[in-house]
Amino acid sequence: MASRYSIIQYVPNPIAEERINIGVLVFDRQNVKVHFLSNWDRVRYFGRREDIKTLKDFADRMQKSAVQGLLFPGDKPDNRPKHERFLDVAHSWINSIQFTLPRKSLQKVDCLLEEAVQTYLFERKPKNKPRDRQAAAKVAVSHVRNVLKSKFEEDLAKDLLKKEYSLKGQLNQYHTFDVAVAHGKPILAAQGISFEVRTTEIVLNSLAWMISDTKKAMPDLPLAIIVLPPRANTSNWQELNKLYESHGQTYQELGAELITEERADSWILKQLELTTV
């Protein structure tokens with residue numbers, strides 16, 4: 001499946017035609033991904049200081065649109081392919097934020113996004129340390145929060161988000177999940193787990209017990225394990241991957257869905273769409 005990408009540029013003075021890259025948009029038939037600069041200092045000095053808040057607000061709206069599979073704020077899907085809708089915008093967008101014409105690629109969306117960010121945004125990607133269980137929990141909370149913010153008004157989104165949410169299992173034991181969505185009753189719950197580091201068997205087996213006991217009490221409640229898989233370039237990759245595959249299979253057999261970061265937003269959005277809030 002062909003992917004396409006466009007560079008998002010800031011043009012403070014359209015007459016002078018000076019521009020600076022501030023983001024990358026990548027999409028195919030099913031997916032839309034967007035990434036903006038993490039450091040806006042170069043942009044601040046390049047243009048007008050008062051524009052930075054506007055640019056950051058636009059970046060936030062683009063992120064929310066991408067979560068919903070939309071190409072840009074105000075995008076209205078129709079029968080045309082995504083790239084044709086986007087061409088209309090790329091040709092007609094004439095304010096200080098502009099898009100380059102979309103270019104084709106045979107790469108998958110995630111790989112294409114990473115390559116485009118490294119090529120066009122001039123930000124060196126830091127060598128991140130392996131993330132632990134606490135980091136995985138933060139990832140789970142962040143994805144649920146972002147999807148809620150994209151779908152609901154701010155006050156309702158905050159009310160629906162429940163961190164460290166306890167659910168009662170069949171055996172009268174409460175299990176605390178990293179995050180849940182609840183409105184009178186729980187709508188979904190998620191737990192983060194990391195295989196980027198060596199997680200103890202006690203923690204991994206405890207998670208299996210949480211899933212099993214909770215599912216027996218609430219078999220219809222969607223449960224997700226948002227997982228950080230082992231990194232291929234680590235010295236103990238084989239050991240970590242063996243744990244990942246065996247425990248991941250167990251979690252799924254017990255009734256939870258094993259979801260990577262890339263799939264988290266779409267899974268959460270799907271569950272919300274199946275529920276009337």
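The values are calculated or read from the model by the stated rules, or taken from the named source; none is laboratory data. Values in this document were obtained by computation on a predicted structure and should not be read as measured data. For neighbour counting, all protein chains shown are included, and Cβ atoms are generated from backbone atoms with ideal geometry for every residue, glycine included. Surface accessibility is based on the protein's heavy atoms, side chains included, excluding ligands, DNA and RNA. Shrake-Rupley method; radii C 1.70, N 1.55, O 1.52, S 1.80 Å.
Name the residues in segment 117-164 that are open to solvent by less than 50 Å² (accessible area, probe 1.4 Å) and free of Cβ contacts under 8 Å to residues at least 24 places away in the same chain, would you?
Within segment 117-164, Ser142, Ala157, Leu161 meet the criteria.
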request  = Would you mind finding the one in Asp265, Asp178, Asp213 that is in contact with a His (Cβ under 8 Å, 6 or more places away or on another chain) and either in a strand (DSSP E or B) or within 29 Å of Lys149 (Cβ to Cβ) (or both)?
outcome  = Asp265
message = Considering only residues that are more than 25 Å from the chain's Cα centre (by Cα) and without any contact (Cβ under 8 Å) to a residue 24 or more places away in the chain, which ones fall in segment 165-178?
response = Asn172, Tyr174
ask   = So, in segment 98-118, of the ones that are among the charged types (D, E, K, R) and more than 22 Å from the chain's Cα centre (by Cα), which residue ends up nearest to Arg19 (Cα to Cα)?
value = Arg103
remark   = Filter segment 173-186 for residues that are in contact with a helix residue (DSSP H, G or I) (Cβ under 7 Å, 6 or more places away or on another chain) and open to solvent by 10 Å² or more (accessible area, probe 1.4 Å); the one that is nearest to Pro230 (Cα to Cα) is Asp178
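Would you confirm, using the coordinates I've provided, whether Leu71 is open to solvent by less than 20 Å² (accessible area, probe 1.4 Å), among the hydrophobic types (A, V, I, L, M, F, W, C), in a loop (DSSP other than H, G, I, E, B) and on the phi < 0 side of the Ramachandran plot? Give the steps one after another, and end with the answer.
Numbers: open to solvent by less than 20 Å² (accessible area, probe 1.4 Å): yes; among the hydrophobic types (A, V, I, L, M, F, W, C): yes; in a loop (DSSP other than H, G, I, E, B): yes; on the phi < 0 side of the Ramachandran plot: yes.
For Leu71, the condition - open to solvent by less than 20 Å² (accessible area, probe 1.4 Å), among the hydrophobic types (A, V, I, L, M, F, W, C), in a loop (DSSP other than H, G, I, E, B) and on the phi < 0 side of the Ramachandran plot - is met.
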query = Hey, among Leu112, Leu167, which residue is within 28 Å of Lys270 (Cα to Cα), open to solvent by less than 20 Å² (accessible area, probe 1.4 Å), at pLDDT below 95 and not aromatic (Phe, Trp, Tyr)?
reply = Leu112
inquiry  = It is to be established whether one or more residues within segment 9-17 are outside any helix (DSSP H, G or I), open to solvent by less than 20 Å² (accessible area, probe 1.4 Å), among the β-branched types (Val, Ile, Thr) and modelled with pLDDT of 90 or more.
reply    = no
request  = State whether one or more residues within segment 155-168 are of a type in the set (S, T, N, Q) and either at positive phi or not in a strand (DSSP E or B) (or both).
outcome  = no
task = Please state which one of Thr250, Thr260, Thr276, Thr234 is among the hydroxyl-bearing types (Ser, Thr, Tyr) and open to solvent by 90 Å² or more (accessible area, probe 1.4 Å).
result = Thr276
ask   = Between a first residue in segment 242-257 that is on the phi < 0 side of the Ramachandran plot and touching a residue at least 12 places away in the same chain (Cβ under 8 Å) and a second residue that is assigned to a loop (DSSP other than H, G, I, E, B) and aromatic (Phe, Trp, Tyr), which pairs have beta carbons less than 9 Å apart while being 6 or more apart in sequence or on different chains?
value = Leu243/Phe195; Tyr244/Phe195; His247/Phe195; Gly248/Phe195
query = Hey, does segment 186-207 have a residue that's in a helix (DSSP H, G or I) and farther than 30 Å from Asn128 by Cβ?
reply = no
message = Of all residues being of a type in the set (S, T, N, Q), more than 22 Å from Ala264 (Cα to Cα) and assigned to a loop (DSSP other than H, G, I, E, B) in segment 74-109, which is most open to solvent (accessible area, probe 1.4 Å)? Just the residue, please.
response = Asn79
Residues located in segment 23-43, provided they are under 15 Å from Ile97 (Cβ atoms) and assigned to a helix (DSSP H, G or I) = Val43
query = So Pro219 clears everything in (1) in contact with a strand residue (DSSP E or B) (Cβ under 7 Å, 6 or more places away or on another chain); (2) in contact (Cβ under 8 Å) with a residue 12 or more places away in the chain; (3) open to solvent by 30 Å² or more (accessible area, probe 1.4 Å); (4) not acidic (Asp, Glu) except one condition, right? Which one?
reply = (1)
